[in-house]
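Encoded as structure tokens, the structure appears first; notes follow it.
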Amino acid sequence: MTSSDTILKRKRRSLILLLAPFTVMLSVFFLVPLGIMMVYSFLEPGLYGGVEWNWYPYNYGRIIGWPLNDYEEFEPIYLKIFLNSLQIAIMTVIGTFVICYPAAFWVSRMQGAKKNLALFMITLPFFANLLVRIYAWLLLLRPTGFFNTVLQSAGLIIEPLDLLFTNFSVIIGMVYILTPFMFLPIYANVEKLDYSMVRASQDLGANPLQTFRRVILPLTAPGIIGGSVIVFIPALGNFIVPSFLGGSKVQMTGNLIERSFLQSRDWPFGAALALLIMASVVVLVVFQLSRQAKAEARGVS
Amino acid sequence: MLDKILNSKIWATLFKGYGFLFLGFLYLPLGLIFVYSFNANSINMAIWTEFTFDWYLTIFGGASSQSSFDAAFTESPDRIFEVVKHSVIVALSASTVSTVIGTATAIALARYHFVGKRFYQALLVLPMIVPDIVLGIALLIFFVGAGFKLSLLTIIIGHTTFLSSYVFVVVSARLAGMDTSLEQASADLGAGPITTFRRVTLPQIMPGVVGGFLLAFIISLDDVVITYFIAGVGSQTLPLFILAMMRRGLRPQINALAVLLLLFTFVIAAIGLYLRSRKS
Amino acid sequence: MKRISTSKLATAAAALTLVAPMASAEGNLALYNWGEYINPEVIEKFSEEFDVEVTLDTYSTNEELLARLQAGATGYDLVWPSVHMHDIMQKTGLLQPSGVNKMPGFENIDPGSIRSKEDPNAEYCLPYAWGAVGIFYNKELIPELTSWQQFFDYAKENPGRVTMLDDLRETIGVGLIMNGNSVNSTDKDEIAAAEQFILEQKPNIGAFRYDILPLVTSGDMAASHWYVGAVLNANQNPDLLGFVVPEEGATMYQEDICLLASAPNPDNAKLFMQFMMRPDISALNTERLTNGSVNTAAIELLPEELKGHPAVNPPADVRAKLQIFDDLGKDLKLYTRSWDRIKTN
């Protein structure tokens, strides 16, 4: 009795010891900062930066478009920017999906060392510095860049095309940096795709298109959805890609947040915008988790 | 039929062709930087004039014979060494601390059962899910409010916070596939928990720990967004240095610097990926 | 195994001690300046002459400077705010008096360059340099450019080949100038009109950016709203590149060198301010910056291509058309909102 008691006690002590560092760090340097940010979003911005400790819900009002004073009118520009960010993030998800889905099948049908090599090659660019990867697209898309120079010297175009500083260039840059996030989850699913189900569907007389839509797509859906969530999250808050490839003409919520903190001295407004992004992410993750839980309950993974 | 179709020659060729396009999409932009970094043409990088090492030399303070144009404000070599030093200090400290913390937590969660474990697990991966910009500004507000001076130390703290989650995930994956009978045997033979950990558990999870460490190291070395908000006096890191350089305009030196950074991270990543594939 | 983990810990500990703020030894000076806004040779000379180790960090906007200082960035001695930011920093207690107006060499400083409203006698800060914000252009694409009207006409015919600055006051300022208003207007109708003007041009403007020098040089862009510092590039390649102060008028900037209240090395900082007032040093700096000089004795020492340059050292009638920004306090919000609309619509 006593010996099992001491073992239990010792076990509990080592559990606490093992968990303490992460718990403390997570609380102090993660949860508390997020909490303070939430508080800030309800405070008045100080004239020269910082905050005044007054209750000030108008930061959120401003996002919706509420006029702050008598010389403003109701105008939802910040909502528009947010919707534009959503649109760019969704296009990025679609772009990465279109590119990665066939590639996952390509790799899944390889064998042994070849497969490992392909996976290695696909994962490697993910480790290249974010700035370097964006910079590469700047070199490709600029008017005297790679694409325009090649097209011009081939005589296909005379004037350089406007590839840079558009929604298109922002989306392509995002797709490029986020491709591995979409590829890996889809690949994990495609890899264990059960071909007996595919065969069964064909034996029952389905044509290839039907088989794809009714069998293959649903079976790989968890990977697609998982990949979409982890591509969508960084795409939504990104400000580096639009600030280089969008030439500051394409504004995303991330750019607004950056500007609120480092240019227009409006920390509370920036905090409110950051919470808006955070809220979108939480909604998505909760949706994903509940979907997963349901799938597990049904016994399908 | 469909699997037959998928296996047929035409489809195999199509898939293969697509696969190479896909790899081309991934590597063309990076390859281009590599080629451009040796192009002497500083005005239009897309037109090849002649081969040069000058851009690499000018990074390290050498004189350029190609262009008096950029020589005016080429950063001093001391500056480059300083920012590289900062990056390495941050990456080494943050990844070491987070490896210890992340591994301890992974072991605790794999070996013990307690109330609220699932909730706790979800909490641990939260820092990976929160967008970088949100974490960056939350930390900025916190550090300023709490009276921390923004410095390399704040960057290390910030990185450690989210890197621990990455290490936790990597080591947990390793632990999940581990055989517990050896630990049991060690305990049965009278070894204390510390001895068991050192002699049995640690050697088995070592590839995971090293992999987690390397992953953390690279992520820390490459981080732009979070560092951007919490960097302070004289604590510019290499990515921030490149960011500032890019904001002032495209220069051939950026190509050279980018290539050096690419080579360095690729070597580390290759070691990490190799370790993982060998052991799993 | 044990040895590995202890040595790892030792590495970590070593790295952490390196991080601890270094004590400010004798002979240090920490500068926090705009990127590429001081001639490195000036720093070298100062360093050699006084045996002081100088470190230089850079920022890219006034707001970033303020934000970083308010975010607790201590350790710097001297900063280079624009005049309106000098006022703000003085009001918020970030600066300390330097007594620069009593130092030898101050007689070289043009009294007209003491523009700060908070510091009318230059007790705090030393005027550093000034310059016009005009148009940098590629002569192969636009042989001759003299006005904003021409700039916008060119953009209309060649959409996407011109850029403006990603700076709300500068770019809305151009709109205000085109309508004949003050760039410090707080009249909401005037600002709305300026906003309307920029919005009409926006489809033709390739981007709002700072990093355009190489883009104009390579011909990616034909003309760009930029600072007079571009004259350095233009003079190196005068057949290809030009810089002009537009006829309609332009904004101008001026930076002052200010001593921070938290400066760890105030004595070296004062020494540096005094050093900067020497005509030969000031001229050496201006040669690299190609800015307007505030040092009347230094102007005489400048090479002719700068002394005679209509943008660097403009004649009186051009100077009269240059406007400088004031701190607008709460009214800045008018501009912020306007700018958000410009960028969104």
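The values are calculated or read from the model by the stated rules, or taken from the named source; none is laboratory data. Quick caveat: nothing in here was measured; it's all calculated off a predicted structure. Please note: Cβ atoms are built from the backbone with ideal geometry, for glycine as well, and neighbour counts cover all protein chains shown.
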Checklist entry - Is there a residue being part of a loop (DSSP other than H, G, I, E, B), under 27 Å from A:D162 (Cβ atoms) and not polar (S, T, N, Q) anywhere in the range A:220-238? => result no
Checklist entry - In the range A:178-200, is there at least one residue being assigned to a helix (DSSP H, G or I) and within 13 Å of chain C (Cβ to nearest Cβ)? => result no
Item to check | Evaluation of A:V175 against (1) within 26 Å of C:D211 (Cα to Cα); (2) among the β-branched types (V, I, T); (3) surrounded by fewer than 23 Cβ atoms within 10 Å (Cβ to Cβ) (one fails), failing number | outcome: (3)
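For the range A:3-26, which residues satisfy the criterion of being of a type in the set (S, T, N, Q) and either buried (at least 19 other Cβ atoms within 10 Å of the Cβ) or facing chain B (nearest Cβ under 7 Å) (or both)?
A:S14
Can you name the helices (runs of 4 or more DSSP H) wholly within the range C:176-276 that have at least 3 residues being over 30 Å from C:L56 (Cα atoms)?
C:188-201
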Checklist entry - Is it the case that C:I198 is closer than 30 Å to C:A316 by Cα and within 14 Å of chain A (Cβ to nearest Cβ)? => result yes
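Of everything in the range C:29-60, what is away from chain B (no Cβ under 12 Å), among the β-branched types (V, I, T) and either within 16 Å of the chain's Cα centre (by Cα) or part of a helix (DSSP H, G or I) (or both)? Give them in sequence order.
C:V42, the sole residue that qualifies.
For A:G247, indicate whether it is outside any helix (DSSP H, G or I) and not acidic (D, E).
yes
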Next on the checklist: Please verify whether C:E247 is over 19 Å from the mean Cα position of the chain (by Cα) and within 26 Å of C:G173 (Cα to Cα), treating the condition exactly as stated.
Outcome noted: yes
Next on the checklist: Contact list please: Cβ distance under 8 Å, first residue in the range B:122-147 and within 14 Å of A:V39 (Cβ to Cβ), second residue hydroxyl-bearing (S, T, Y) and modelled with pLDDT of 90 or more, pairs at least six apart or on different chains.
Outcome noted: B:I141/A:Y40
Checklist entry - What single numbered condition from (1) assigned to a helix (DSSP H, G or I); (2) under 20 Å from the mean Cα position of the chain (by Cα); (3) not assigned by TED's automatic domain parsing to the domain that holds C:E200 fails to hold for C:H309? => result (1)
Next on the checklist: Six or more apart or on different chains, Cβ atoms under 6 Å: show the pairs whose first residue is in the range A:269-284 and closer than 14 Å to A:F42 by Cβ and touching a residue at least 24 places away in the same chain (Cβ under 8 Å) and whose second is aromatic (F, W, Y) and surrounded by 21 or more Cβ atoms within 10 Å (Cβ to Cβ).
Outcome noted: A:A271/A:Y40
Checklist entry - Are any residues in the range A:27-43 assigned to a helix (DSSP H, G or I) and more than 7 Å from every other protein chain (Cβ to nearest Cβ), and if so, which ones? => result A:S27, A:V28, A:L31, A:G35, A:M38, A:V39
Checklist entry - In the range C:243-267, which residue that is surrounded by fewer than 24 Cβ atoms within 10 Å (Cβ to Cβ) and among the small types (G, A, S) is farthest from C:G99 (Cα to Cα)? => result C:G249
Checklist entry - Any idea which of C:L334, C:L301, C:L284 is touching a residue at least 12 places away in the same chain (Cβ under 8 Å), within 14 Å of another protein chain (Cβ to nearest Cβ), surrounded by fewer than 20 Cβ atoms within 10 Å (Cβ to Cβ) and on the phi < 0 side of the Ramachandran plot? => result C:L284
Item to check | Tally, over the range C:320-331, of residues that are on the phi < 0 side of the Ramachandran plot and over 18 Å from the mean Cα position of the chain (by Cα) | outcome: 5
Item to check | Single match in A:P234, A:P268 (criterion: within 14 Å of chain C (Cβ to nearest Cβ), out of contact with any Cys (no Cβ under 6 Å at 6 or more places or on another chain) and surrounded by 15 or more Cβ atoms within 10 Å (Cβ to Cβ)) | outcome: A:P268
Checklist entry - In the list A:I81, A:I63, which residue meets the criterion of being β-branched (V, I, T) and either over 27 Å from B:F142 (Cβ atoms) or at pLDDT below 90 (or both)? => result A:I63
Item to check | In the range A:130-171, the residues that are away from chain B (no Cβ under 13 Å) and among the hydroxyl-bearing types (S, T, Y) | outcome: A:T166
Next on the checklist: Among the numbered criteria (1) within 14 Å of chain B (Cβ to nearest Cβ); (2) more than 23 Å from the chain's Cα centre (by Cα); (3) in a helix (DSSP H, G or I); (4) in contact (Cβ under 8 Å) with a residue 60 or more places away in the chain, which one does A:G49 miss?
Outcome noted: (3)
Checklist entry - Does A:M174 count as more than 10 Å from chain B (Cβ to nearest Cβ) and within 18 Å of A:V250 (Cα to Cα)? => result yes
Checklist entry - Mind checking which residues of the range B:133-180 are assigned to a helix (DSSP H, G or I) and of a type in the set (D, E, K, R)? => result B:R174
Item to check | Filter result for A:F261 (touching a Lys or Arg at 6+ places or on another chain (Cβ under 7 Å), within 30 Å of A:E44 (Cβ to Cβ) and either in a helix (DSSP H, G or I) or aliphatic (A, V, I, L, M) (or both)) | outcome: no
Item to check | Lone unmet requirement of (1) within 14 Å of chain A (Cβ to nearest Cβ); (2) modelled with pLDDT of 75 or more; (3) surrounded by 19 or more Cβ atoms within 10 Å (Cβ to Cβ) for B:H86 | outcome: (1)
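Can we say C:G112 is outside any loop (DSSP other than H, G, I, E, B), farther than 24 Å from C:L271 by Cβ and in the same structural domain as C:V294 (by TED's automatic domain parsing)?
Yes, satisfied.
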